[in-house]
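J.: Here you go, one structure.
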Amino acid sequence: MVERILSLLIFTFMLTNSLVTYFSVPLSSHDSSSNSSRAVEYVSREVLVKFKSSINYTLEVANLSNIIEKELRRYKLLGLSLVRIKEGIGVEEALNLLRNNQLVEYAEPNYIFQMDQIFPNDPLFQYQWGLYNIGQLGGTVDADVDAPEAWNITTGSGSLVIAIIDTGLDYTHVDISSNVWLNPFETVNGIDDDGNGYVDDIHGVDTCNNDGDPMDDHGHGTAVAGVIAALGNNGIGVAGINWHIKIMVLKFACADGAGSISSAIEALEYVMDMKRRGINVKVTNNSWGGGGFSRALYDTIAALQAMDILFVASAGNSGRNNDLEPHYPSSYNLSNIISVAATDNKDNLAWFSNWGQSSVDLGAPGQDIITTLPANSYGYLSGTSMAAAYVSGGAALILSINAAYSYPELKRLILNSVDRVPSLNGYVRSGGRLNLYKSLVQVYIDLSRFPFPFVSGGVADYAMVVGDSFGHGCFSLGARTVDVLGSALVSARLGLDSEGGLPELFLDTEFTSCSGNTVSANWDKVTSSSVIAVGGPGVNMLVYRYNGSLPFKWIYRPPSVSSIYSELTGRTYSSVWGREDYLVLAVVVDGDSGKTVLTVWGLTGYGTMAGTLLLGYYDRFRDILAGKAVLLRWEDSNNNGKADIDDTLALMEVWRVD
């Protein structure tokens, strides 16, 4: 049974001195027989059909003239057709007839999606708490994505292109216009220069109105774009996550905020076409959802996956569990999708946000978000739409450092670097909220930047861990005096580099434990964002914890001296007591805590002491501090029987992750 309903959309704009509420009342259809407990809307008299690959499309459409009035559009890259059914035939009836045709692979309604936003609050919120939370409006300090810290690393890249599929964009907005993409294959001349079916598609396309002008006549898309890409540090309005980037604008939803699934598919196909032409789009933002499961949309997103494109999607604003009641497109089981819930300024799951321990990946700020609105204005919106924009912006920020990352690498970096917060434990897969800084540190940190991030902005932010695992850990080896002395040396030097902050100090067994050669750490004891661990893998369990993840392996061969095996070259290195030793310095990001960990260890105490001397006098050894890890040779060149600053340190091997 098909019935007619009215859907009410409310969107609030803050203009110069007035608050105007716009009401849009579109007429649409829904299928009351849907398995979902909520109404599912679709375009009347339109269905999506995929015929089996062996048939002639044009001929088959003609043969079905008793059902199909005309083919409205063919998606050539997907082998899919949007057709209009004959008047007098209901959508359900047409679907049953088409699905029973042996030449049809599948047929489905042209579902309608709504923007994932809720009614905005009054425009009184004065700060971008999601980027930098100092307790605004009673919020929790640091319940944010650490944007200022991230901007110390990068503010984006104008060579990157991100696709925003939404209600379009006010591309004349003073705070965004310089970050809008220009189609290199098109000029404004009234001609379809690039032959893609759209005339003068300079900034993208409008698949709702079937033209090349994606100007936003609703406001949602402009708000999303402001979160991702409002120009920063220009003394105007707000700052986006990326101060420099290019936005490809795909308008699939009309002035009422609603768009059909066919329009969404057409917009995504435009992205695919541009990527095939050489525009290296790697991230799409999709702050919308609704409708039932669509095989056509699933196939389209799968096609994006095959082209190495990340699909960031809002989890929805119904306050429900997506594990039990899926929200599309965020709930499609495709690995290139990141589904995003919304958090508030106290790091709680926002009251309206959908969640799902299996189906939603992480949270991000999404309540009371100040952002750009059309006509050079600004306002406040809430919804998982805003949260998704934070994550899309974060993915682009990562790519500004290394544009070669694949979508699995991007997704892993984002999910492995969240701030774990109690309110999201059991509600999202990662158990945490987006942290831009931590995700960038995983990409950017290497030994060449030492003492960053252990000292950043003149502030010490690290914990020192000294090995003491004799009788406690996986090996019955005791810590040496040189481990303590070396730790003191490094801390003394870093103290000279910092004007604020004091390091934490821990003995190894104060927060690590070992069972079955597996080391666990109680990260709750460490408040600093980074750690320096000194002492060989046999005396410092934290150092041993990372032995398996590095290419330089500590090999324990009692009772003889241990050795280092290099997976890079296949060589084995052994020490000569008191004369020659080998040591490893490595920087890793712990997968459980997201903390940056620098390990310093030698085969003997001589090597460990040499490593701490190197860090204590790092400005003298810049030429051998490189990459994620180095393997060095120490030689007692002055024959005084101890490791000192005048000895020889030679770079043997370096491990880089490009």
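The values are calculated or read from the model by the stated rules, or taken from the named source; none is laboratory data. From a predicted model like this one, the values you see are computed outputs, not experimental measurements. Every residue, glycine among them, receives a Cβ derived from its backbone with ideal geometry; neighbour counts consider all protein chains shown.
J.: Across region 135-152, what is the total count of residues that are more than 16 Å from the chain's Cα centre (by Cα) and under 26 Å from P451 (Cβ atoms)?
T.: So the answer is 5.
J.: What pairs can you find where one residue is in region 325-353 and over 29 Å from I265 (Cα atoms), the other is surrounded by fewer than 24 Cβ atoms within 10 Å (Cβ to Cβ) and β-branched (V, I, T), and their Cβ atoms are less than 7 Å apart, with a gap of 6+ or different chains?
T.: N345/T140; K346/T140; D347/T140; D347/V421
J.: Check every one of the strands (runs of 3 or more DSSP E) wholly within region 37-141 and list those with 3 or more residues that are of a type outside the set (D, E, K, R), at pLDDT 85 or above and crowded, with 22+ Cβ neighbours inside 10 Å.
T.: Of the strands (runs of 3 or more DSSP E) lying wholly inside region 37-141, those with at least 3 residues that are of a type outside the set (D, E, K, R), at pLDDT 85 or above and crowded, with 22+ Cβ neighbours inside 10 Å span 41-51, 80-85, 104-115.
J.: Looking at region 427-450, which of its residues are surrounded by fewer than 22 Cβ atoms within 10 Å (Cβ to Cβ), among the basic types (K, R) and either at pLDDT 95 or above or within 18 Å of the chain's Cα centre (by Cα) (or both)?
T.: R429
J.: Find the strands (runs of 3 or more DSSP E) located wholly in region 349-397 whose residues include 3 or more that are touching a Lys or Arg at 6+ places or on another chain (Cβ under 9 Å) and not hydroxyl-bearing (S, T, Y), and list them.
T.: Strands (runs of 3 or more DSSP E) meeting the threshold: 362-365.
J.: Here's another thing I want to ask about it. Specify the residue that is surrounded by the most Cβ atoms within 10 Å (Cβ to Cβ); the eligible residues are those in region 371-403 that are farther than 16 Å from A143 by Cα and β-branched (V, I, T).
T.: It comes out as T384.
J.: Tally the residues that are touching a residue at least 24 places away in the same chain (Cβ under 8 Å), over 15 Å from L585 (Cβ atoms) and out of contact with any Phe, Trp or Tyr (no Cβ under 7 Å at 6 or more places or on another chain), restricting the search to region 597-641.
T.: 4
J.: Determine which single condition F552 fails, assuming it passes every other condition in (1) at pLDDT 90 or above; (2) surrounded by 16 or more Cβ atoms within 10 Å (Cβ to Cβ); (3) on the phi > 0 side of the Ramachandran plot.
T.: For F552, the failing item is (3).
J.: List, please: which pairs have Cβ atoms under 6 Å, are six or more places apart or on different chains, and start with a residue in region 569-594 that is without any contact (Cβ under 8 Å) to a residue 40 or more places away in the chain and surrounded by fewer than 20 Cβ atoms within 10 Å (Cβ to Cβ) and end with one that is part of a strand (DSSP E or B) and small (G, A, S)?
T.: T572/S563; S574/S563
J.: Has region 459-470 got any residue that is among the β-branched types (V, I, T), under 22 Å from D524 (Cα atoms), surrounded by 20 or more Cβ atoms within 10 Å (Cβ to Cβ) and modelled with pLDDT of 70 or more?
T.: Checking region 459-470: at least one residue is among the β-branched types (V, I, T), under 22 Å from D524 (Cα atoms), surrounded by 20 or more Cβ atoms within 10 Å (Cβ to Cβ) and modelled with pLDDT of 70 or more.
J.: Read through the list (1) exposed (fewer than 12 other Cβ atoms within 10 Å of the Cβ); (2) under 33 Å from the mean Cα position of the chain (by Cα), then give the number of the only condition that A629 fails.
T.: Unmet condition: (1).
J.: Are any residues in region 289-300 buried (at least 22 other Cβ atoms within 10 Å of the Cβ) and over 16 Å from F51 (Cα atoms), and if so, which ones?
T.: If the condition is that a residue be buried (at least 22 other Cβ atoms within 10 Å of the Cβ) and over 16 Å from F51 (Cα atoms), then G289, G290, G291 are the ones that fit.
J.: If you don't mind, there's one more thing I want to ask. Looking only at region 480-526, filter to residues that are more than 17 Å from G611 (Cβ to Cβ) and at pLDDT below 70; which one of those is surrounded by the most Cβ atoms within 10 Å (Cβ to Cβ)?
T.: If we take residues in region 480-526 being more than 17 Å from G611 (Cβ to Cβ) and at pLDDT below 70, then S498 is surrounded by the most Cβ atoms within 10 Å (Cβ to Cβ).
J.: If you check K346 against the conditions, is it among the charged types (D, E, K, R) and either within 22 Å of I162 (Cα to Cα) or buried (at least 24 other Cβ atoms within 10 Å of the Cβ) (or both)?
T.: When the stated conditions are applied, K346 does not pass them.
J.: Residues in region 404-419 that are surrounded by fewer than 18 Cβ atoms within 10 Å (Cβ to Cβ) and either part of a helix (DSSP H, G or I) or touching a Phe, Trp or Tyr at 6+ places or on another chain (Cβ under 9 Å) (or both): how many?
T.: The first filter runs over region 404-419 and keeps only residues surrounded by fewer than 18 Cβ atoms within 10 Å (Cβ to Cβ), leaving 404, 406, 408-409, 412, 416.
Next cut, either part of a helix (DSSP H, G or I) or touching a Phe, Trp or Tyr at 6+ places or on another chain (Cβ under 9 Å) (or both) only: 408-409, 412, 416.
Result for region 404-419: 4.
J.: Being farther than 15 Å from A387 by Cβ and either touching a Pro at 6+ places or on another chain (Cβ under 8 Å) or among the small types (G, A, S) (or both) is the filter here; which residues of region 131-148 pass it?
T.: Y132, G135, G138, G139
J.: Is it true that L424 is buried (at least 19 other Cβ atoms within 10 Å of the Cβ) and out of contact with any strand residue (DSSP E or B) (no Cβ under 6 Å at 6 or more places or on another chain)?
T.: Criteria not met by L424.
J.: On to the next question. What is the number of the single condition among (1) modelled with pLDDT under 90; (2) touching a helix residue (DSSP H, G or I) at 6+ places or on another chain (Cβ under 9 Å) that D646 does not meet?
T.: (2)
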